[in-house]
Amino acid sequence: MPVLHILKEAAESVLETMFFAETAEGGPAPLGGSPVIAEVVFHAHYEDGECLGRLSLAMPENCAKSIAADFEGIGGLGDVPPVAADQVALELANIICGATLTRMDAKGLFTLDSPVIASEFSKPAPGAKAAECWLEIPSADEGVLHLAIALENNS
């Protein structure tokens, strides 16, 4: 199964079951003024080798606040503390990364670094096994989620 399909399937499942957000396929979209960007670096140990990789996630701040409100059961966007947008992005990136890697190889062993807030979105390096997608979250204000995963340094 192509990496793009696996990434989209994992992200849709995580968003719908754990963050109570419906999704629709989206196209490339600008992220606006101050997007929330999270990254997870991971090490994958497969039967046929190892690789280093990175999952990057970016979304407009209002989208992150909307997801945080749904996830934490907070009334409206105005009631969402500013730090909640970052926290939900970190948690979402971590869970999507794990779900994607598990779907890629259920028998693989994965080590995920702690997710971090990044200042810019990391595009996959040339030559990496990679996928990039956008998902719309209709219930979220400006609800476009940008995801990319790259598997590098295959051995």
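The values are calculated or read from the model by the stated rules, or taken from the named source; none is laboratory data. Predicted, not measured: the structure shown is a model, and the values here were computed from it. Methodologically, a virtual Cβ is constructed for each residue, glycine included, from the backbone with ideal geometry; neighbour enumeration extends over all protein chains shown.
Modelled with pLDDT under 85 and under 14 Å from the mean Cα position of the chain (by Cα), is that true of A21? It is true that A21 is modelled with pLDDT under 85 and under 14 Å from the mean Cα position of the chain (by Cα).
Give me a count of the residues in region 46-64 that are outside any strand (DSSP E or B) and in contact (Cβ under 8 Å) with a residue 60 or more places away in the chain. The number of residues fulfilling the criteria is 4. Taken over region 81-122, the criterion of being crowded, with 20+ Cβ neighbours inside 10 Å and outside any helix (DSSP H, G or I) is satisfied by P115 alone.
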